[in-house]
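S.K.: First the structure, which I've put down as structure tokens, then a few questions once you've had a look.
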Amino acid sequence: MLRLSVMATVVALSAASAEGVAKVGATPPVEAATRPRLFVTELIALGVTPAQAQAFGDAVVSALSSRGLFELVAARDVQTLLGVERQKTLLGLCEANPEQCAKDAQESLSARFVLSGQLARVGSAYQLTLQMVDTQKGQSVARATKLSGSLDELRALVPYAAAEATGSPLPPPPSRVVPYSLVAAGGVAAFTGGVVGLLAVSRQQVLNDELCPGGAPAAGPCSGVNLRDRSFYVAQDSDIAQQKALAVGLLATGAVLAGLGLWLNPPATSVGGVALQVVPGPGGVALAGGF
């Protein structure tokens, strides 16, 4: 009877919460006594493995827990509590007062709001859908849908999907200081390398004109007028070679820094709008993004 009572409580989720969703997250963190309780179900797996759906469900719970706006009850918490209640029953700890044990379990599992969703594969893209329902009013509160070309990029959008689906303030966007700094440093290095390379080419052209004022003859060596000592031209040639090597090094460094900055740049979070990108599809290409 105790197990049936606990399971009925999980399905009904009937206990009331004094605060509505509109008051959630106004000035986080919220006091535990005033936080509404939210039950997070396991995500439905469509075209993905159950382990992938479970990992995204854990990410949703972690994202909501870090904000501190809800008192969370996860599906794993239900399983853990049922196991504890079963052990208490087997040990005879509830024989003296079984009603109190059932009441404690009911209070631990009751929640006004329920967050459910699914992780699905759409062609070569992945879609995460979350929806929160107010069990007292019997209506949907909010919904969020995120679409991305890879699970890693979709995983980065989980905090924003969880915030949108629960009607809470969006988390701050990820910092782009480091990626932008790397791209800027790469641009400066590449520009400097280009300038150094142009100066080296210009110096070499001046020496060539001095050695061969009329250009290289069709046959025979150059016979410049008033040539300086040979050691001067050897030293100049060595300096120009070093300058060219420095230019190539700066250009390569700039390319590496810019590429690293672009690689580290976090994906678009669709904050304040719609983030779209082109992903390959079974029949060509498709637009994917967050709404």
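S.K.: Could you rank 114, 158, 201 by how accessible they are, 1.4 Å probe, largest area first?
M.R.: Values: 114 25, 158 0, 201 85 Å².
From most accessible down to least: 201, 114, 158.
S.K.: Expressed as a whole number of Å, what is the distance separating the alpha-carbon centroids of the stretch 174-207 and the stretch 127-170?
M.R.: Here the two parts' Cα centres lie 43 Å apart.
S.K.: In addition: Using amide H atoms built in the peptide plane, which far-off residues or other-chain residues are under 5 Å from residue 44 H to H?
M.R.: Amide H neighbours of residue 44: 117, 118, 119.
S.K.: If you don't mind, there's one more thing I want to ask. Need one value: the accessible area of residue 210 in square angstrom, 1.4 angstrom probe, rounded to the nearest 10.
M.R.: 50 Å²
S.K.: What figure, in Å² to the nearest 10, do you get for the accessible area of residue 228 with a 1.4 Å probe and non-protein molecules left out?
M.R.: The accessible area comes out at roughly 120 Å².
S.K.: I would also like to ask the following. Taking a probe of 1.4 angstrom, what is the accessible area of residue 180 in Å², to the nearest 10?
M.R.: Around 130 Å² of this residue is reachable by solvent.
S.K.: Tell me which residues come under 5 Å, amide H to amide H, from residue 170 once H is placed; ignore anything under 5 positions away on its chain.
M.R.: none
The values are calculated or read from the model by the stated rules, or taken from the named source; none is laboratory data. No experiment lies behind these values; they were computed from the predicted model shown. With ligands, DNA and RNA removed, areas are computed over all heavy atoms of the protein, side chains included. Shrake-Rupley method; radii C 1.70, N 1.55, O 1.52, S 1.80 Å.
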